[in-house]
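J.: Sharing a structure, written as structure tokens. Questions coming.
Bear in mind that the values in this text are calculations on the coordinates, not laboratory data. Nothing here was measured: the structure is a model prediction, and the numbers come from that model. Every residue, glycine among them, receives a Cβ derived from its backbone with ideal geometry; neighbour counts consider all protein chains shown.
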Amino acid sequence: MGTDLKSVLITKEEIDAKLAELAAKIDADYAGRELLIVGVLKGAVMVMADLARALSTPVTMDWMAVSSYGAGTKSSGVVRILKDLDTDIAGRDVLIVEDIIDSGLTLSWLLSNLSSRGPASLKVCTLLRKPEAAKVDLEVEYTGFDIPNEFVVGYGLDYAERYRNLPFVGTLAPHVYGG
Ligand code: XMP
Ligand code: MG
């Protein structure tokens, strides 16, 4: 796997199986409806692509890009829209698709922003969730994996824009980020 990675945390097979499980739940919950899935760029690209193909529910797809103000690796909770939705979500059943929820600040901002646009329903699906997220009062309907508080890359997630194309989720070797 190369020397930059410490270990594989979640294999491609485990991701595929989990997305099939989540898709079955989503199909059951939205039976007879049409769903607008909203991917948060760039990290959610892989989850969106694979989840969308696992769903039987008719879906349309849209994308948002947001960025947290403030320096450092911690999310500040103050969010700026880099790319807004192309779709008017008023009256739509909307599912936000995320790669990872860490502090939950980004998601909490997104939820209040999107709910102000009057969707019929607004729920969240995330592939990964870190322990911090459990402390915040956020309703996440569909969660793939609860993971330890380690920096992870792969399957859409990056370190300095690298590793997004790994088919699995792995942890980085400390020497890569100066540890
Ligand atoms: P919050 O803290 O607002 O932030 O929930 C979520 C965003 O932080 C990034 N993030 C990570 N990115 N590996 C990454 O590549 C990680 O382990 C990690 N933890 C948080 C990510 O952009 C996510 O959307
Ligand atoms: Mg990132």
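J.: Within straight cross-link reach of Lys83, meaning Cα distance under 16 Å, which lysines are found once same-chain residues fewer than 8 apart are removed?
T.: Qualifying lysines at Cα under 16 Å: Lys42.
J.: Here's another thing I want to ask about it. Assuming a ≥ b ≥ c are the square roots of the Cα gyration tensor eigenvalues, decide whether the chain counts as rounded (a/c under 1.5), prolate (otherwise, with a/b larger than b/c) or oblate.
T.: Oblate.
J.: Still on this structure: If r is the Cβ-Cβ distance from Met61 to His175 and R0 is 35 Å, what FRET efficiency results, to the nearest 0.05?
T.: Once rounded, the FRET efficiency stands at 0.40.
J.: A further question follows. Just add up the charged neighbours of Lys42: K/R +1, D/E -1, any other residue whose Cβ is under 11 Å from the Cβ of Lys42.
T.: Its environment carries a net charge of -1.
J.: Report, in degrees rounded to the nearest 10, the 0 to 90 angle that the Cα long axis of helix 12-29 makes with the longest principal axis of the chain.
T.: 20
J.: Any chance you could run the full-extension gain for Ala24 through Leu41? It's 0.36 nm times the residue separation minus the Cα-Cα distance, nm to one decimal.
T.: Fully extending the segment from Ala24 to Leu41 adds 3.7 nm.
J.: Another question, if that's okay. Find, among the GluC sites (Glu not before Pro) in region 1-43, those assigned to loop by DSSP (not H, G, I, E, B) with at most 11 other beta-carbon atoms within 10 angstrom.
T.: Within region 1-43, the qualifying GluC sites (Glu not before Pro) (loop, at most 11 other Cβ atoms within 10 Å) are Glu34.
J.: Still on this structure: Restrict the search to region 75-147; then list the GluC sites (Glu not before Pro) that DSSP places in a loop and that have at most 14 other Cβ atoms within 10 Å of their Cβ.
T.: Glu139
J.: Between Lys12 and Arg53, how many nm apart are label points set 7 Å from Cα along the C-beta direction?
T.: 1.1
J.: Debye calculation, C-alpha points only, no solvent: report log10 I(q)/I(0) for region 95-136 at q = 0.20, 0.28, 0.33 Å⁻¹, in the same order as the q values.
T.: Evaluating at q = 0.20, 0.28, 0.33 Å⁻¹ gives log10 I(q)/I(0) of -0.60, -1.00, -1.18.
J.: Rounded to the nearest 500, what is the chain's calculated 222 nm mean residue ellipticity when only DSSP H runs of at least 4 contribute -39500 (n - 2.57) each, over all residues?
T.: That comes out to -7500 deg cm²/dmol.
J.: I'd like the distance between the alpha-carbon centres of region 96-145 and region 1-59, rounded to an integer number of Å.
T.: The two parts, judged by their Cα centres, are 15 Å apart.
J.: Taking the chain as a Gaussian network, Cα atoms linked when under 10 Å apart, which of Gly144, Gly32, Gly156 shows the biggest mean-square fluctuation?
T.: Comparing Gly144, Gly32, Gly156 in a Gaussian network model of the chain, the most mobile one is Gly32.
J.: Please give me the summed charge of the neighbours of Val66: other residues whose Cβ is under 10 Å from its Cβ, Lys and Arg +1, Asp and Glu -1.
T.: Charge balance in the 10 Å sphere: +1.
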